[in-house]
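The structure appears right after this line, and notes come after that.
The values are calculated or read from the model by the stated rules, or taken from the named source; none is laboratory data. Every value quoted in this text rests on a predicted model; they were computed, and no experiment measured them. Cβ placement follows ideal geometry from the backbone for every residue including glycine, while neighbour counts extend to all protein chains displayed.
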């Protein structure tokens, strides 16, 4: 519900704009909710092709980097393409309209219903790929969606919507199914939109996620990233190094799924360091580490001078010409401490990677647990190992929603064509990360499900049917 000016009782300009957007979205959504599955799937295809088409994809990637100064164009092109293509693959043939499941044994019929109008909060790190992912998932459920981008990402999101609207014109769909908060983006307008919509899906800063949860509207938000990767003594260090570097350098490490720490068993350290250095990593000494820390955390807050920048530029800005001359792909920083007094133990959003050495796998797991007690609980952990039971140990004991085994972590976590995770740019972190879900967000999160329950043959079990093992072990007292 909108708040009002204390002087006049009238909504502010931002609130009035939000009210108008939501009214138009509701009118469009009432049209879409009567679409059949084929018509809904045409909406999905139109929105998907709006970003997949190569010339549009390239334009969006170039605009994103020009406006935000974050990441690099080739990787944004790849991200826009692969994440959208993978999402379309996941959605192909999925039922999201009318009856979507029937079970004769239980007598339950499931009917998909729209949630209504979705508020999509999106970050500057992915101003095209993340809005596209949320828009497509929302449309799959016959919803309308209003995007609230970061201020830096507004122009890219606006261009994306231009492309989607042109596609909707070709298929005769209402443009108001997909809208954008007008510029300049303000906290007031974003908060008003959260309160006015039926569902909030928030990706980005933890401040936005907390605001989404506090908005009074049902919300999905994601936890903070601070991914650690474990390399044990059985790992193929050459393969592990290639995967780590491919992950950590992708889009200049803007992803919440990029590794921030490597926890390396001592027996693997020499071979891994050699392989990493062959891939373009530079290991900093104590003086260089101090200079880098001064650049990255002036006043204790991560600086925009490093977010999404390449390692060579970061070295230059840190006053390390001898490092910059090596044209490093990643800056590797040795560390022992964890917590607020050791900022390299947290998320860095740039190609700076922290190195921890440990005696064995048990110590590695304990170190990651300490890292996540500081930051990043619930997200995911990487493992490079020839012992598959160790992945199970991590899944059983660490506060993580995903264990990524022998893969380029930031590419794999949000779904990939060579693993079975759903394609997504919003990864739930469970209650560990103060989220209400632990999956990769997908179209089913944008649905209400109505269930019809019909009578079936009654079967009432006896206590002996259910408690036989208990009785055998402990008696009937």
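For residue 178, are the conditions met, namely being over 17 Å from residue 117 (Cα atoms), surrounded by 20 or more Cβ atoms within 10 Å (Cβ to Cβ) and in the same structural domain as residue 29 (by TED's automatic domain parsing)?
For residue 178, the condition - over 17 Å from residue 117 (Cα atoms), surrounded by 20 or more Cβ atoms within 10 Å (Cβ to Cβ) and in the same structural domain as residue 29 (by TED's automatic domain parsing) - is not met.
Quick check on this structure: which one of 430, 346, 414, 395 is in contact with a strand residue (DSSP E or B) (Cβ under 8 Å, 6 or more places away or on another chain) and on the phi > 0 side of the Ramachandran plot?
The unique qualifying residue is 430.
Hey, residue 156 hits all of (1) closer than 20 Å to residue 252 by Cβ; (2) under 15 Å from the mean Cα position of the chain (by Cα); (3) modelled with pLDDT of 95 or more but one; which does it fall short on?
Answer for residue 156: the failing condition is (2).
Might you check whether a residue that is farther than 28 Å from residue 135 by Cβ and touching a residue at least 12 places away in the same chain (Cβ under 8 Å) occurs anywhere in the stretch 409-426?
no
Looking only at helices (runs of 4 or more DSSP H) that fall completely inside the stretch 328-444, which ones have 3 or more residues that are buried (at least 18 other Cβ atoms within 10 Å of the Cβ) and under 22 Å from the mean Cα position of the chain (by Cα)?
By residue number, 361-374, 409-412.
Are there strands (runs of 3 or more DSSP E) fully within the stretch 164-245 with at least 2 residues that are farther than 17 Å from residue 150 by Cα? List them.
Answer list for the stretch 164-245: 219-221, 227-231.
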